[in-house]
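What follows is a short report on a single structure.
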Amino acid sequence: MPGDVYDAIVIGADVNGLAAAAMLARAGRRTLVLERSDVVGGSYAAFEFAPGFRAAPLGLDGGWLPPAVVRGLVLDSIPPDADDAIRAAKGGASGSRKGGARDSTALFLHDQPTLSVAVEPGRFLGVPSGPGSVGGIASFSARDTAAWPGFVERMRSMTRFLESLYQQPAPDLDASGAGELVSLGRLALRLRRLRRAGMTDLLRTVPMSVAELVDDAFESDALKAAIASVGVRGIRQGPRSRGTAFTLLHNLIGAGTAPSPAWAGRFPPGGPGPLTAAFESAARREGVMIRTNVPVARILVRDYAAAGIVLEDGEEIAGRVVLSSADPSRTLLGMVDPVWLDPEFVHAVRNIRYRGCTSFVLYALDAMPELPGLVNPETALAGTVSLSPTMESLERAYDATKYGRIAERPHIEIMAPSLRWSGQAPAGRHVMVARVHYSPYSMREGAEAAAGGGWTGVVRDALADRVTAAIGCVSPGFADRVLHRATLSPRDIEERYGYTEGAASQGEMMLDQILFMRPVAGWSRYAMPIAGLYLCGAGTHPGPGIAGGPGWLAAAEVLRAGRVGRA
C-alpha cells in the first residue's frame, strides 16, 4: 500500500536531521525521522554525568542559525525567558518577526559574550565583545587598543561574505546549466562587493595561519593566544598551521556587526535544549513522525537506488528517499554495502580527515570556584576562560598530538554552563566543563596504543588529574570543590554520539575539505552516487556550527531534483 512507503526517511534527529525533515514535510512529503539515542538533539542533548548534574559538552556553542533557515522553517518556539536577553541585546526592542519567525540572532543572543585568558595566576585578559569595548586589553597594550576596532571590522567584512556563501549550496565549478551559472555569477558579484581592498584581504587571509594573522595585527601575547584559540577549535592543527585563519573566520560566522572572538562561545537562551525544541516543534508541526531509540543498521539499496532502511532489530522501513545526518564515513562505509559504490569514491570517503582531538572533563561542584583577578567571574565563567596565555603554549600542546601523545600542558578552556542555564545542577551547586585540546583519538606511545586507542581508565584519570591541577593554578582550592568528575575522550564521544574518531565537525574544517570539496570533491551537492541517498549533516556544506544549515540545503536539493513524490 502507498501508505507503507515513506516519501523520505531521515537518519538522525539532530538539528540538521530535524531541519531536513521539517522542510520536506512542509512541502507535503510523508517523512520519518529515526534517532539512535533515546532523545532528540544529537550533540545538543544534555545527559546526567552525576546525580542531579547534567551537561551537553558538545553543545556549548550554539553556532549560527541562518536567517534563511528561520524563515523557511518558521522557527518561533523561543522560550519565554529569552525575551529579556533579546531586548537587552537590541536596546529594548523585542525580537522581530518575519513570516512568523523571530530574527535568527534572537535564538542565540545573550547579554555579554565573554572570552578571557589566564595570563598568570591572579591576572586575566578579557577579550572585548565588540569594536567599541576595548577596556579588557587597554592595560596590556595601547597599540592593541587602537588596532582592535579595525581588526573587528576586517573580520566582519569577511564573515559577511561567508554568511551569504553558507546560505546556498556549494558552488559547482563544473556548472553548465543556466541556473548553476547564475548561482556562480551571484557568488562572483558578492565577492566584487567586497571591493578591491576587501577581496585582496579575504584572498590573502583565508590561506594564512591564525598565528600570522594575529602577529600582523597585535603585539600582546595574551590577546594573540585568545584569538588563536578560536582558530584551532575543533581541528587537529596548531596556530601556525596554514589555513587556520579560515577556521577562525568560520567560527565567527553569525556574530553580527561585532565578530569578536568572544562571540565564538555564544549561547542560545536557555541552553541547547530550546534550540533543539524549536527544530523539533517545526518538524512535528508539519507532521513529521519521530522515532527514538531505533539505531539504523543499514540502508537498503535496490538497482542502485535507495529503497529504505533496516534497523538493528531487523525491522525494514521502505522509503523513496533516505537522508542521513550521520557523518559521511558512518553513512557510506558503515550503512551501505560497498558493492553499490565505485571503488574510487569509497577511497575518497576513506580519506576524509576527522582527527578528533578534543576531550572534556565534566565537574560537579559544591560551589562556584574563585578565580582571583578575574573581573566579574560569574559573567566570565558563563562564557569561556582559556588557560593558554601564549601562542607558544598552544603550539606545544599541538606538537604532542602529532606524535600520538596527550600534551603535558594541554590547551584547556573552562566554562560553567549552570551559571547561564537552569536545570544543570541542584540549587546552590554548579557544573563546570573543561574542554581539553589536544588529546588524540589514538595514541602511539608503545603499550598505550593497544585496544581503545590507549584510552584506558588510567589514562582518563591521568588526564582529569592534569586538568584539575591546571585549573587549580588559577583557582586555589578548586579540587576541594569537586564532588564528582567524568571524562569524555574522543573515543567516548564516538561511542556516545556516533561521530567518527570523536570529531563533532564530521570532517575537519580546513581548506581542502570545504565548499565543493565537502564531503569529497565532486559530491558536494548532498546527493550521493546511489540515487535517492543524500547526506544532510555537518559533514556536508556549509559544515559544523551552522545550525540546521546543511539539513535545510540538503532538503532543498531533494525537492529541486524532484526525488520525492507525494504519498
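Observations
- Nearest-0.05 FRET efficiency for residue 402 and residue 346, computed from C-beta distance (R0 30 Å): 0.60
- Rounded, prolate or oblate (a/c below 1.5 giving rounded, otherwise prolate when a/b exceeds b/c) for segment 213-355 by Cα gyration tensor: oblate
- Long-range HN-HN contacts of residue 301 with modeled amide H, under 5 Å: 307
- Using R0 = 41 Å, the C-beta based FRET efficiency linking residue 495 and residue 339 works out to 0.90.
- Accessible surface of residue 120 - all protein chains present, 1.4 Å probe, nearest 10 Å²: 90 Å²
- Cut-off under 5 Å, modelled amide H: who pairs with residue 429 long-range: none
- Share of carbon and sulfur in the accessible heavy-atom surface of segment 267-315 [1.4 Å probe, %]: 45 percent
- Ranked by the mean number of other Cβ atoms within 10 Å per residue, highest first, peptides 157-170, 376-389, 52-65 order as 52-65, 376-389, 157-170.
- Accessible-area ranking of 224, 402, largest first, probe 1.4 Å: 402, 224
- Using R0 = 25 Å, the C-beta based FRET efficiency linking residue 298 and residue 48 works out to 0.20.
- Computed from backbone phi, the HN-Hα couplings of segment 534-550 come to 10, 9, 9, x, 5, x, 10, 5, x, x, x, x, 10, 4, x, x, x Hz, rounded to whole numbers (Karplus: 6.51 cos²θ - 1.76 cosθ + 1.60, θ = phi - 60°; Gly and Pro given as x).
- Label-point separation in nm, residue 531 to residue 120, each point 7 Å along Cα→Cβ: 7.0 nm
- Note on residue 221: accessible area approximately 90 square angstrom, rounded to 10, probe 1.4 Å, nucleic acids and ligands left out.
- Loop-located GluC sites (Glu not before Pro) in segment 394-431 whose Cβ has at most 16 other Cβ within 10 Å (DSSP): 408
- Across segment 409-532, the relative contact order, built from alpha-carbon pairs under 8 Å that are at least six residues apart, equals 15 percent.
- Residues in segment 244-252 carry Karplus couplings, in order, of 6, 5, 5, 4, 4, 4, 4, 6, 9 Hz; the curve used is 6.51 cos²θ - 1.76 cosθ + 1.60 with θ = phi - 60°, and Gly or Pro positions show x.
- Of the solvent-accessible surface of segment 474-567, computed with a 1.4 Å probe and all protein chains present, 51% belongs to carbon and sulfur.
- Accessible area per residue in Å² at 1.4 Å probe, computed on segment 313-467: 41 Å²
- Once the chain from residue 461 to residue 353 is taken as fully extended at 0.36 nm per residue, the excess over their C-alpha distance is 36.1 nm.
- The length gained by stretching the chain between residue 142 and residue 310 to full extension, at 0.36 nm per residue less their Cα-Cα distance, is 54.2 nm.
- ³J(HN,Hα) computed for each position of segment 363-376 - Karplus, 6.51 cos²θ - 1.76 cosθ + 1.60, integer Hz, glycine/proline x: 10, 9, 10, 7, 6, 5, x, 9, 10, x, x, 8, 6, 6
- Cα gyration tensor shape for segment 287-422, rounded if a/c is under 1.5, else prolate or oblate: oblate
- Extension gain for the segment residue 511 to residue 444, taken as residue separation times 0.36 nm less the Cα-Cα distance, is 21.4 nm to one decimal.
- Remark on residue 30: its backbone amide H falls under 5 Å from those of 7, 8, 567, a criterion applied only to residues 5 or more positions apart or on other chains, H modelled at 1.01 Å from N.
The values are calculated or read from the model by the stated rules, or taken from the named source; none is laboratory data. Remember, predicted model here, so these are calculated numbers, not experimental data. Glycine also receives a Cβ, built like all others from the backbone with ideal geometry; neighbour counts cover every protein chain displayed. These area figures cover heavy atoms from the full protein model, side chains too; ligands, DNA and RNA do not enter into them. Shrake-Rupley method; radii C 1.70, N 1.55, O 1.52, S 1.80 Å.
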